1. Each label point is 7 Å from the Cα along the Cα-to-Cβ direction; what then is the distance between the points at Asp117 and Ala156, in nm?
2. Return the long-range amide H neighbours of Gly107 (sequence gap of 5 or more, or a different chain), with a cut-off of under 5 Å between placed amide H atoms.
3. Want the number for Thr127 to Ala53: 0.36 nm per residue separation, take away the alpha-carbon distance, what's left?
4. Please turn the phi angles of segment 67-80 into ³J(HN,Hα) values with the Karplus equation 6.51 cos²θ - 1.76 cosθ + 1.60 (θ = phi - 60°), one per residue in order, whole Hz, x for glycine and proline.
5. List the residues whose amide H sits under 5 Å from the amide H of Ser118, counting only those 5 or more places along or on another chain, with H placed 1.01 Å from N in the peptide plane.
6. Please compute the net charge surrounding Lys166, taking Lys and Arg as +1 and Asp and Glu as -1 over other residues with Cβ under 11 Å from its Cβ.
7. Quick query: amide H of Gly131 versus all other amide H atoms, modeled in the peptide plane; which residues come in under 5 Å with a sequence gap of 5 or more or a different chain?
Amino acid sequence: MAVLAIGLPAVGRRAGRFSRASAGAWAVRQWALWSRALAPLRPLDAPRGRATAWDASWPLAQDLGSVRRARRLVTAQLADWAVPDLGDTAELLVSEVVTNALRHTRGPLRLNLRLCDSHVLCEVEDTESAGPVRNIAGPDAEGGRGTELLDLLADAWGSVRTATGKSVWFALHRPDGSTGPEQGR
């Protein structure tokens with residue numbers, strides 16, 4: 001009720017006259033915005049949501065065995081979705097992104113995989129808000145080539161800040177040109 005009491009005079013002044021219908025609609029819109037913004041966040045040590053026919057999510061532990069687990073999960077899921085042609089590329093890129101997340105963050109991780117219309121979208125969420133940094137690796141360097149691999153092999157990639165940190169994602173186009181699941185299902 002506090003939102004409604006605070007908002008009513010402002011609505012009345014802006015509209016030039018006060019009406020219960022406009023105040024009620026305003027209050028409903030404000031409640032929808034605030035409830036979405038203040039909704040509880042899904043912790044990274046849990047799946048993003050219920051798995052569907054075109055969306056999968058797995059929490060990953062903060063240990064090096066998670067890299068092997070992430071590769072296996074992605075390969076198996078792509079085989080289930082009948083997109084095995086992308087398996088090798090997705091496996092390599094997931095390995096790079098998960099390794100970087102393990103190396104540069106301390107908190108939990110989550111691997112998300114989504115089958116979209118004509119591509120596969122993979123993202124790794126972590127608790128660090130700083131995005132990936134491009135380094136120029138020397139010929140003898142043991143690391144620092146992750147962003148170069150993403151540039152060469154992924155059709156698109158990027159990093160997005162989230163409420164819990166960031167998400168590094170990449171997209172791979174399906175070679176057969178087929179479309180993903182119907183949106184109406």
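Derivation of every value follows stated rules applied to the coordinates shown; laboratory data play no part. None of the values given here were measured: they were computed from a predicted structure. Counting neighbours? That spans all protein chains shown, and the Cβs are built from the backbone with ideal geometry, glycine included.
1. 1.0 nm
2. Thr127
3. The span from Thr127 to Ala53 would gain 23.9 nm if fully extended.
4. Computed from phi, the couplings for segment 67-80 are 5, 4, 4, 4, 4, 5, 4, 5, 4, 5, 5, 5, 5, 5 Hz.
5. Here the answer is Gly180, since their amide H atoms fall under 5 Å of that of Ser118.
6. So the environment of Lys166 carries a net charge of -3.
7. Residues meeting the amide H criterion: none.
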